[in-house]
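Below you'll find the structure, written out as structure tokens, and then a few comments.
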Amino acid sequence: MSFVQSNYPGATCSICHRKLTLLLKGNTAAENLAVCFHCKTVTTLAGNAVKKMLHTQLSADQQQLLHRFSETLPESATYKGRGSQLRLAADTTFQRRWLSLREYERQFGETLTVGTPDLRLSPDSCKWCGKQLPAGRRSFCKDSCSRNYTKATFTKRSTPTVPYRIACRDGFYCRITGLDLAYHNRFDQRIPASNGELTIHHLIPVSQQGTDYEANLITLSYSAHLAYHQGDPAITAKLDEIRDARLAEPTGNKMYWR
């Protein structure tokens with residue numbers, strides 16, 4: 001008998017109090033499961049927690065069972081690149097998401113520690129409006145400037161964390177053309193956020209086992225990125241030179257999956 005998925009009024013998580021998804025299979029409480037997707041917990045209806053185990057802790061029979069199950073999954077649900085989070089869509093193009101910082105650290109054994117750059121021309125000016133800082137203030141002349149800056153660079157930022165930190169590392173400039181890709185606010189201040197023309201390019205393409213490691217990523221303008229993929233020989237030569245130089249570094253082997 002297969003599981004039946006359902007919800008029930010009043011069946012809520014004891015931690016976050018959101019509705020539970022119930023998976024019903026048999027008549028006994030131990031056979032049926034309650035799942036909270038917010039807390040990422042699974043319990044039986046008898047109240048017993050389901051034990052979590054790493055893949056390496058499973059027995060050979062359990063690993064073989066999971067392997068057989070993964071082979072039955074449709075192609076659209078299968079990751080196509082180890083660590084690159086590739087998912088094959090119905091039209092056979094690759095749709096992907098960026099790694100989170102936690103996934104980045106787990107995969108590459110190091111943290112992406114690049115911080116938000118200070119793009120002010122003078123350390124005595126406000127980061128948002130550019131006015132002279134009052135005595136006792138180091139970044140913003142007033143609280144509203146701080147809130148507006150935080151919205152632009154964090155709370156309403158559309159760029160995911162990993163590519164954002166790569167853009168921060170590169171100072172929000174195109175590494176090929178030198179084009180300014182930072183957002184300019186109404187005070188004409190450079191703000192560390194994309195102006196809409198910023199793209200992050202993989203020196204070793206994801207389709208060729210390139211990773212999201214920071215050495216494999218570079219900031220380009222939209223026009224330069226498009227020109228590269230259209231085969232512009234000058235831009236291709238420059239990017240190939242940068243790629244080869246980074247591959248020669250001690251961490252170059254993290255730029256691709258072997």
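The values are calculated or read from the model by the stated rules, or taken from the named source; none is laboratory data. None of these values were measured; they are calculated from a predicted model. Here the Cβ is made from the backbone with ideal geometry for all residues, glycine too, and neighbour counts use every protein chain on show. Note: areas computed on protein heavy atoms with side chains; ligands, DNA, RNA excluded. Shrake-Rupley method; radii C 1.70, N 1.55, O 1.52, S 1.80 Å.
Quick check, is A245 free of Cβ contacts under 8 Å to residues at least 24 places away in the same chain and open to solvent by less than 30 Å² (accessible area, probe 1.4 Å)?
Working: free of Cβ contacts under 8 Å to residues at least 24 places away in the same chain: yes; open to solvent by less than 30 Å² (accessible area, probe 1.4 Å): no.
Taking the combined requirement at face value, the residue does not satisfy it.
Here is a list: G109, G130, G115. Which entry is at positive phi and open to solvent by 40 Å² or more (accessible area, probe 1.4 Å)?
Working: G130 fails: open to solvent by 40 Å² or more (accessible area, probe 1.4 Å); G115 fails: at positive phi.
None of the others qualify; the one that does is G109.
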One residue is enough: does region 29-46 have a residue meeting the conditions modelled with pLDDT of 70 or more, over 29 Å from the mean Cα position of the chain (by Cα) and loosely packed, with under 12 Cβ neighbours inside 10 Å? yes
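Please list, ordered by residue number, the helices (runs of 4 or more DSSP H) wholly in region 112-229 having 2 or more residues that are of a type in the set (A, V, I, L, M, F, W, C).
Values: elements: 143-150, 161-169, 222-229.
Counting at least 2 such residues, we get 161-169, 222-229.
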What single numbered condition from (1) on the phi > 0 side of the Ramachandran plot; (2) touching a strand residue (DSSP E or B) at 6+ places or on another chain (Cβ under 6 Å) fails to hold for G231? (2)
In region 7-28, what residues are open to solvent by less than 60 Å² (accessible area, probe 1.4 Å) and either assigned to a strand (DSSP E or B) or without any contact (Cβ under 8 Å) to a residue 12 or more places away in the chain (or both)? T21, L22, L23
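This table checks each residue for (1) surrounded by 20 or more Cβ atoms within 10 Å (Cβ to Cβ); (2) basic (K, R); (3) in contact with a helix residue (DSSP H, G or I) (Cβ under 9 Å, 6 or more places away or on another chain).
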| position | (1), (2), (3) |
| --- | --- |
| A152 | no, no, no |
| F172 | yes, no, no |
| N216 | yes, no, yes |
| S223 | no, no, no |
| H229 | no, no, no |
| G252 | no, no, yes |
In region 137-193, what residues are of a type in the set (V, I, T) and in contact with a strand residue (DSSP E or B) (Cβ under 9 Å, 6 or more places away or on another chain)? T153, T159, V162, I166, I176, T177, I191
Could you check, for region 135-145, whether at least one of its residues is in contact (Cβ under 8 Å) with a residue 12 or more places away in the chain, surrounded by fewer than 17 Cβ atoms within 10 Å (Cβ to Cβ), over 28 Å from T236 (Cβ atoms) and of a type in the set (S, T, Y)? yes
